[in-house]
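**Q** Below you will find the structure I want to go over with you.
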Amino acid sequence: GPSATIKSHHNVGGLLEDMRLKLIEPLRELFKDEVRALGSLLEIPDDLVWRHPFPGPGIAIRVLGEVSPSQVEIARLADHIYIDEIKKAGLYRQISQAYAALLPVRSVGVMGDQRTYEQVIALRAVESTDFMTADWFAMPVDVLKRISNRIINEVKGVNRVLYDVSSKPPSTIEFE
């Protein structure tokens, strides 16, 4: 069915055609919720079992637009602050996946007495059991305020933070 088609899409690509080894993927057919259930059954530490999914291509996939070392660093720092604050608020396990993405737009702002023309970070957090569908997470406003303030004050080059309230479908969990 369509779920299998979507699932298989996420498990292809990136391997060399002429590999001189046999690839063994015992969990290939399992979805994220099934892998987590198995991990818990095997008594794998919770911080590993419940770690949010991370894109195979790496954090550069969360830089929408030209990818450069400085752009990746902005996305990485914003994401670190976001996840740190979610954990401090005790929300990490309630959220199935969360991340910060650097958008390919600039925004006018004011910092101190100066006008700025800086970049925009989009925050995404979703709840899901199977990751085939997902609803946006109703992040408490006080947590969003702390996250936004920290990102704007600590990540050079960012003057605006947005929160994505789109469900899957029609949106996907990642922006790419």
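The values are calculated or read from the model by the stated rules, or taken from the named source; none is laboratory data. Just so you know, these numbers come straight off a predicted model, no measurement behind them. Neighbour counts run over all protein chains shown; Cβ positions are idealised from the backbone, glycine included. What goes into the accessible areas is simple: the full protein's heavy atoms, side chains included, and nothing from ligands, DNA or RNA. Shrake-Rupley method; radii C 1.70, N 1.55, O 1.52, S 1.80 Å.
**Q** Just checking, does segment 132-141 include any residue being of a type in the set (S, T, N, Q) and without any contact (Cβ under 8 Å) to a residue 24 or more places away in the chain? Please lay out each step first, then the result.
**A** Initially, segment 132-141 is screened for residues of a type in the set (S, T, N, Q), giving 133.
From what's left, without any contact (Cβ under 8 Å) to a residue 24 or more places away in the chain: none.
The answer is no; no qualifying residue exists.
**Q** Name every residue in segment 58-71 that is out of contact with any strand residue (DSSP E or B) (no Cβ under 6 Å at 6 or more places or on another chain) and either closer than 16 Å to Val120 by Cβ or free of Cβ contacts under 8 Å to residues at least 12 places away in the same chain (or both), in order of residue number.
**A** Step one: of segment 58-71, the residues out of contact with any strand residue (DSSP E or B) (no Cβ under 6 Å at 6 or more places or on another chain) are 58-61, 66-70.
Across segment 58-71, the qualifying residues are Gly58, Glu66, Val67, Ser68, Pro69, Ser70.
**Q** Still on this structure, I have one more. When Arg115 is evaluated against the numbered criteria (1) open to solvent by less than 20 Å² (accessible area, probe 1.4 Å); (2) charged (D, E, K, R); (3) assigned to a strand (DSSP E or B), which criterion, by number, is the only one it fails?
**A** So Arg115 meets the others, but not (1).
**Q** Please determine whether any residue of segment 24-34 is at pLDDT below 85, exposed (fewer than 10 other Cβ atoms within 10 Å of the Cβ) and at positive phi.
**A** Checked segment 24-34: no residue is at pLDDT below 85, exposed (fewer than 10 other Cβ atoms within 10 Å of the Cβ) and at positive phi.
**Q** Pairs under 6 Å by beta carbon, first residue closer than 22 Å to Thr133 by Cβ and in contact (Cβ under 8 Å) with a residue 12 or more places away in the chain in segment 22-44, partner of a type in the set (A, V, I, L, M, F, W, C) and part of a helix (DSSP H, G or I), six or more apart or different chains?
**A** Correct list of pairs: Arg36/Val49.
Conditions tested, residue by residue: (1) modelled with pLDDT of 95 or more; (2) open to solvent by 20 Å² or more (accessible area, probe 1.4 Å); (3) of a type in the set (Asp, Glu).
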{"position": "Glu66", "(1), (2), (3)": "no, yes, yes"}
{"position": "Ile86", "(1), (2), (3)": "yes, no, no"}
{"position": "Ala100", "(1), (2), (3)": "yes, no, no"}
{"position": "Asp135", "(1), (2), (3)": "yes, yes, yes"}
{"position": "Lys145", "(1), (2), (3)": "yes, yes, no"}
{"position": "Ile152", "(1), (2), (3)": "yes, yes, no"}
{"position": "Lys156", "(1), (2), (3)": "yes, yes, no"}
{"position": "Lys168", "(1), (2), (3)": "yes, yes, no"}
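**Q** Being open to solvent by less than 10 Å² (accessible area, probe 1.4 Å) and not hydroxyl-bearing (Ser, Thr, Tyr) is the requirement here; does Ala75 meet it? Walk me through it before giving the result.
**A** Values: open to solvent by less than 10 Å² (accessible area, probe 1.4 Å): yes; not hydroxyl-bearing (Ser, Thr, Tyr): yes.
So Ala75 fits the description; yes.
**Q** Considering each residue of segment 72-95, count those that are out of contact with any strand residue (DSSP E or B) (no Cβ under 8 Å at 6 or more places or on another chain) and either without any contact (Cβ under 8 Å) to a residue 24 or more places away in the chain or of a type in the set (S, T, N, Q) (or both), and give that number.
**A** The number of residues fulfilling the criteria is 7.
**Q** Let me ask something additional. Here are some conditions: (1) at pLDDT below 95; (2) within 20 Å of Ser148 (Cα to Cα). Gln119 meets all but one. Which one does it not meet?
**A** Of the numbered conditions (1) at pLDDT below 95; (2) within 20 Å of Ser148 (Cα to Cα), the odd one out for Gln119 is (1).
**Q** In addition: Sort out which residues of segment 46-70 are assigned to a loop (DSSP other than H, G, I, E, B) and on the phi < 0 side of the Ramachandran plot, and write them in order of number. First the steps, then the outcome.
**A** Keep residues of segment 46-70 that are assigned to a loop (DSSP other than H, G, I, E, B), which gives 50-58, 64-68.
Correct list: Trp50, Arg51, His52, Pro53, Phe54, Pro55, Gly56, Pro57, Leu64, Glu66, Val67, Ser68.
**Q** Since Ser107 meets every condition but one in (1) farther than 21 Å from Ile59 by Cα; (2) assigned to a helix (DSSP H, G or I); (3) of a type outside the set (Val, Ile, Thr), which condition does it not meet?
**A** It fails just one condition, (2).
**Q** Anything in segment 45-56 that is in contact (Cβ under 8 Å) with a residue 60 or more places away in the chain and open to solvent by 40 Å² or more (accessible area, probe 1.4 Å)? List them, or say none.
**A** Residues of segment 45-56 in contact (Cβ under 8 Å) with a residue 60 or more places away in the chain: 53, 55.
Matches in segment 45-56: none.
**Q** Identify the residue in segment 95-141 that is charged (D, E, K, R) and under 25 Å from Glu154 (Cβ atoms) and, among all such residues, is nearest to the chain's Cα centre (by Cα). Full working, then the answer.
**A** So the first thing to find is which residues in segment 95-141 are charged (D, E, K, R), and the list is 106, 113, 115, 118, 124, 127, 130, 135.
Remaining after also requiring under 25 Å from Glu154 (Cβ atoms): 106, 113, 115, 118, 124.
On the way: Arg106: 21, Asp113: 34, Arg115: 30, Glu118: 22, Arg124: 7 Å.
By that ranking, first place goes to Arg124.
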